[in-house]
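Report on one structure; see the data block that follows.
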Amino acid sequence: MRILFPALLGMTLAVAGCSSPPAVQPPPDETPVERGPKTIAVDGDPNGLWWDADSATLYMADDEHNRVLKYRDGEGISLVADLPPAAASPGLGALARLSDGTLVVVRFGGGTAGDVVYVRPDGTSAVIPNLPRERRRIGITVTQDGQLLDGYFVRNNNVNVGSVARLTLEGTEQEVVGALVKPVGVLAVGDTLFISDQLANKVYRSPLSAPSQLVPFATLSSPDLLAVGPNNTLLTGSRDGTVLSISQSGEVSVLAGGFQQPHGIAYDAKNKRLFVADHDGTPEDGTAHTLRILPSEE
């Protein structure tokens with residue numbers, strides 16, 4: 001894969017007796033961009049990822065320690081905030097960032113402790129009140145007009161019943177899509193909603209103006225969380241260790257392989273690179289959860 005380097009700045013020397021030009025240094029406020037390929041060990045288990053282009057910051061939901069982390073070039077990985085204690089294993093899923101900088105994270109909860117938490121820009125966090133605890137939440141997205149949509153399922157007599165709902169920080173969760181099995185990825189792109197149903201092996205789409213009018217968009221094995229990729233594609237992970245790309249016509253292809261279990265994915269369009277939260281599903285061999293950075297020439 002081709003890695004790009006910043007152009008060198010030309011310099012005119014006017015120092016008498018200088019036998020060789022000094023090394024050219026980048027401007028002090030210019031941090032080199034890490035395009036990879038690079039694997040970064042994470043003290044935690046990153047799941048959902050969110051790339052904020054304005055601040056050049058990658059946010060990560062760390063399921064192992066019930067917190068939100070961030071990655072920035074030149075700074076590495078650091079803590080954003082610890083989340084409120086969970087009643088059971090939190091099972092952090094996706095996260096989304098609102099226009100005011102508030103981060104919203106869903107917690108799976110295993111059927112007894114599901115909830116949604118948020119982190120304000122000042123680092124304070126809280127649980128959204130009054131949400132049904134039996135809902136197992138995995139995906140969340142924010143629409144271009146600032147609405148939150150989350151995906152969840154409940155288990156009735158060992159049968160999954162899945163939905164997508166409109167969510168508010170005040171504590172309302174109103175179903176807008178039903179008849180799903182296990183919705184995992186929920187992604188709003190422009191005026192379209194995409195939903196990956198892991199057990200149905202489908203990605204669906206519908207207009208945000210009428211989200212219940214689902215139509216099949218792509219067929220693939222066990223799709224995970226969704227992200228926007230290069231050239232208006234969709235990206236998702238597969239349990240076989242690959243990152244898959246879905247074209248605008250619904251065609252599925254392998255974009256990258258060699259992962260353990262790719263969960264959250266994010267794409268930095270400016271610097272043409274992918275971020276992948278790579279989950280280690282074999283902790284008996286020694287846990288090695290990582291953040292992977294890959295260049296993309298698309």
Problem set entry | Enumeration of residues in segment 231-248 that are more than 14 Å from F259 (Cβ to Cβ) and at pLDDT below 95 | N231, N232
For this session: Would you confirm whether any residue within segment 147-159 is in contact with a strand residue (DSSP E or B) (Cβ under 7 Å, 6 or more places away or on another chain), farther than 20 Å from P211 by Cα, crowded, with 17+ Cβ neighbours inside 10 Å and charged (D, E, K, R)?
Result: no
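Grab the strands (runs of 3 or more DSSP E) fully contained in segment 51-116, keeping just those with 3 or more residues being within 16 Å of the chain's Cα centre (by Cα). Can you show your working first?
On the way: elements: 57-62, 67-72, 76-82, 92-97, 103-107.
Where strands (runs of 3 or more DSSP E) fall fully within segment 51-116 and carry at least 3 residues being within 16 Å of the chain's Cα centre (by Cα), they are 57-62, 67-72, 92-97, 103-107.
Restricted to segment 87-120, and to residues that are among the aliphatic types (A, V, I, L, M) and closer than 18 Å to H279 by Cβ, which residue is surrounded by the most Cβ atoms within 10 Å (Cβ to Cβ)? Working first, answer last.
The initial filter retains those residues of segment 87-120 that are among the aliphatic types (A, V, I, L, M), namely 87-88, 92, 94-96, 98, 103-106, 113, 116-117, 119.
Remaining after also requiring closer than 18 Å to H279 by Cβ: 92, 94-95, 105-106.
On the way: L92: 30, A94: 29, L95: 22, V105: 30, V106: 33.
The selected residue is V106.
Criterion first (under 24 Å from G111 (Cβ atoms), surrounded by 13 or more Cβ atoms within 10 Å (Cβ to Cβ), among the charged types (D, E, K, R) and touching a Leu at 6+ places or on another chain (Cβ under 8 Å)) does R166 satisfy it?
Details: under 24 Å from G111 (Cβ atoms): yes; surrounded by 13 or more Cβ atoms within 10 Å (Cβ to Cβ): yes; among the charged types (D, E, K, R): yes; touching a Leu at 6+ places or on another chain (Cβ under 8 Å): yes.
Yes.
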Exercise. So S238 fits all but one of (1) under 23 Å from S296 (Cα atoms); (2) surrounded by fewer than 17 Cβ atoms within 10 Å (Cβ to Cβ); (3) not hydrophobic (A, V, I, L, M, F, W, C); what number is the exception?
Worked result: (2)
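For (1) assigned to a strand (DSSP E or B); (2) more than 27 Å from N231 (Cα to Cα); (3) touching a residue at least 40 places away in the same chain (Cβ under 8 Å); (4) not basic (K, R), each residue gets a yes or a no:
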| site | (1), (2), (3), (4) |
| --- | --- |
| N130 | no, yes, yes, yes |
| G146 | no, no, yes, yes |
| F153 | yes, yes, no, yes |
| R166 | yes, yes, no, no |
| G171 | no, yes, yes, yes |
| A188 | yes, no, yes, yes |
Problem set entry | Of the criteria (1) modelled with pLDDT under 95; (2) surrounded by 12 or more Cβ atoms within 10 Å (Cβ to Cβ), which one G123 fails | (2)
Problem set entry | Cβ pairs under 6 Å, 6+ apart, first in segment 254-269 and at positive phi, second at pLDDT 95 or above | none
For this session: Please state which one of N66, N130 is surrounded by 14 or more Cβ atoms within 10 Å (Cβ to Cβ), over 24 Å from Y267 (Cβ atoms), among the polar types (S, T, N, Q) and at pLDDT 95 or above.
Result: N66
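The values are calculated or read from the model by the stated rules, or taken from the named source; none is laboratory data. Owing to the predicted nature of the structure, the values given are computational and were not obtained by experimental measurement. Note: ideal-geometry Cβ built from the backbone for every residue, glycine included; neighbour counts use all protein chains shown.
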